[in-house]
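Take a look at the structure below.
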Amino acid sequence: MKAFSIERYGKQPGRLTEAPAPVVGEHDVLVQVRASSVNVLDAKIAKGEFKLILPYALPLTLGNDLAGVVLSVGAAVRRFKPGDEVYARPPQQRIGTFAERIAVHEDALARKPDNITMEQAAALPLVALTAWQVLVETAKLKKGQKVFIHAGSGGVGSIAIQLAKHLGAFVATTTSTANVEWVKALGADVVVDYKQQAFETVLRDYDVVLNSLGPDALAKSLKILKPGGQLISISGPPTPAFARAQNLPWLLGLVMGVLSSGIRRKARKQGVSYDFVFMRASGAQLDEITTLVESGIIRPVIDRTFPFESTAAALDYVEQGRAKGKVVITMETAPPDAHPAG
Ligand SMILES: NC(=O)c1ccc[n+]([C@@H]2O[C@H](COP(=O)([O-])OP(=O)(O)OC[C@H]3O[C@@H](n4cnc5c(N)ncnc54)[C@H](OP(=O)(O)O)[C@@H]3O)[C@@H](O)[C@H]2O)c1
């Protein structure tokens, strides 16, 4: 089958190659991928930035999001059957959605929302699960609380705004001048144009900050939190708690302790908490997202769509950091050969 893979880590973005057919375990579901979407994570993995945390074997097929149709299921799978339309962020150990087919553990899969296309569904899993795990699971965001979401026009930001509004929060965000009205339309109550104003000079007394930017934005975020507030970062630095949760070697935990010591100390001094969230696959949480999408509460946001053959260009576009919502890749829909489940 065709797959977009890397042979080594580095600046080369990868290429379309012939890859072996997926091995379907007893709890796996073999999916014909109809669409995928690009995440910043894909480019970071290709460069080798995650090789200590996620030690993949090479060659590696990239891709962390899928929407598609079930071709066959492993012997123990009861919840899915051939023909079902599904979507997922596969477990981090077994990525590879930039491919014609992938075998995904059933626990990571969910039924695709009925009211959106395959392309729209592929735009959701990784960013929607990230928003859910930050706002619902970690922040336990409550009605009436104030949340500041950095980069509201990004893949994560555009979904996090919609989810936070659904949870009843007052939402502030940042974007550049051209995107201000567009981000307001997603539901944000306050939109700070970061080209004109520094967010830390206009926002006060927030309960939660979702940071997806660099260390400067992270440190400045402390200034807008009220005592008891929560600073949650998805762009680092990782913490020793994260190292323990990932079962990483103690030395990596030590390094993460050092990397995050500054922000943890400043947060403690100010009476706020600091957490690093590294999203994980969850079909159960994706089921909750399906319900929200079908109720019209969350809508996927697509900037551009690229054909499978142009995956390298799609990765390059996302790396430029200007995408408004998500960048989607569409696969051919020709029926596959027989693919027996194992
Ligand atoms: N830990 C995790 O589990 C996890 C999960 C998902 C993502 N992430 C990380 O989170 C980060 C964001 O991911 P993403 O998918 O949302 O990225 P993205 O979609 O590529 O973000 C692009 C958006 O960021 C905006 N932006 C850039 N600089 C900005 C600034 N200084 N202030 C405000 N907005 C700015 C851009 O808007 P303008 O064009 O208007 O500037 C653009 O719309 C990445 O580093 C990614 O690796 C981590």
Task: Hits in segment 2-16 (condition: over 17 Å from residue 55 (Cβ atoms) and open to solvent by 50 Å² or more (accessible area, probe 1.4 Å)) - done: 2, 11, 12, 13, 15, 16
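Residue-by-condition table, conditions (1) in contact with a Lys or Arg (Cβ under 7 Å, 6 or more places away or on another chain); (2) aliphatic (A, V, I, L, M):
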| site | (1), (2) |
| --- | --- |
| 243 | no, yes |
| 255 | no, yes |
| 262 | no, no |
| 276 | no, no |
| 301 | yes, yes |
| 316 | no, no |
| 322 | no, no |
| 325 | no, no |
Open item on the list: List pairs: first residue in segment 281-293 and not assigned by TED's automatic domain parsing to the domain that holds residue 105 and acidic (Asp, Glu), second residue outside any helix (DSSP H, G or I) and open to solvent by less than 20 Å² (accessible area, probe 1.4 Å) anywhere in the structure, Cβ distance under 7 angstrom, at least six positions apart or on different chains.
Closed with: 287/110
Open item on the list: Taking the condition of being assigned to a loop (DSSP other than H, G, I, E, B) and open to solvent by 10 Å² or more (accessible area, probe 1.4 Å), how many residues in segment 160-185 meet it?
Closed with: 3
- [ ] Mind counting the residues in segment 242-284 that are at pLDDT 95 or above and at positive phi?
- [x] 1
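Being at pLDDT below 95 and within 11 Å of the ligand (Cβ to nearest atom), is that true of even one residue in segment 231-241? It would help to see each step written out before you state the result.
Taking segment 231-241 as the starting set, the residues that turn out to be at pLDDT below 95 are 236.
So of that shortlist, the ones also within 11 Å of the ligand (Cβ to nearest atom) come out as 236.
Looking through segment 231-241, at least one residue is at pLDDT below 95 and within 11 Å of the ligand (Cβ to nearest atom).
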Task: Those residues of segment 203-221 which are away from the ligand (no atom under 14 Å from the Cβ) and open to solvent by 10 Å² or more (accessible area, probe 1.4 Å), in sequence order - done: 204, 205, 207
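Of the residues 29, 127, 147, only one is assigned to a helix (DSSP H, G or I) and open to solvent by less than 40 Å² (accessible area, probe 1.4 Å); which? Full working, then the answer.
On the way: 29 fails: assigned to a helix (DSSP H, G or I); 147 fails: assigned to a helix (DSSP H, G or I).
Matching residue, one of 29, 127, 147: 127.
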Open item on the list: Can you tell me which of (1) in a strand (DSSP E or B); (2) within 30 Å of residue 242 (Cα to Cα) is the one residue 52 doesn't meet?
Closed with: (1)
Task: All positions within segment 300-335 that are open to solvent by 70 Å² or more (accessible area, probe 1.4 Å) and either over 18 Å from the mean Cα position of the chain (by Cα) or away from the ligand (no atom under 16 Å from the Cβ) (or both) - done: 309, 332, 333, 335
- [ ] State whether the residues of segment 285-297 include one that is in contact with a Pro (Cβ under 6 Å, 6 or more places away or on another chain), surrounded by 16 or more Cβ atoms within 10 Å (Cβ to Cβ) and outside any helix (DSSP H, G or I).
- [x] no
Task: Single residue of 26, 85 found to be of a type in the set (D, E, K, R) and touching a Lys or Arg at 6+ places or on another chain (Cβ under 7 Å) - done: 85
Task: Selection within segment 228-278 - of a type in the set (A, V, I, L, M, F, W, C), more than 23 Å from the chain's Cα centre (by Cα) and not in a helix (DSSP H, G or I) - done: 272
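Check 188, 99 and return the single one that is of a type in the set (Gly, Ala, Ser) and either in contact with a Phe, Trp or Tyr (Cβ under 9 Å, 6 or more places away or on another chain) or open to solvent by 60 Å² or more (accessible area, probe 1.4 Å) (or both). Let's see the steps before the verdict.
On the way: 188 fails: either in contact with a Phe, Trp or Tyr (Cβ under 9 Å, 6 or more places away or on another chain) or open to solvent by 60 Å² or more (accessible area, probe 1.4 Å) (or both).
Testing whether each residue is of a type in the set (Gly, Ala, Ser) and either in contact with a Phe, Trp or Tyr (Cβ under 9 Å, 6 or more places away or on another chain) or open to solvent by 60 Å² or more (accessible area, probe 1.4 Å) (or both) leaves just 99.
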Task: Close pairs (7 angstrom Cβ cut-off, 6 or more residues apart or separate chains): over 18 Å from residue 313 (Cα atoms) in segment 41-64, of a type in the set (Asp, Glu) anywhere - done: 58/7; 59/7
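The values are calculated or read from the model by the stated rules, or taken from the named source; none is laboratory data. For clarity, every value in this text was computed on a predicted model and none was experimentally measured. So basically every Cβ, Gly included, is an ideal-geometry build from the backbone, and we count neighbours across all protein chains shown. Note: areas computed on protein heavy atoms with side chains; ligands, DNA, RNA excluded. Shrake-Rupley method; radii C 1.70, N 1.55, O 1.52, S 1.80 Å.
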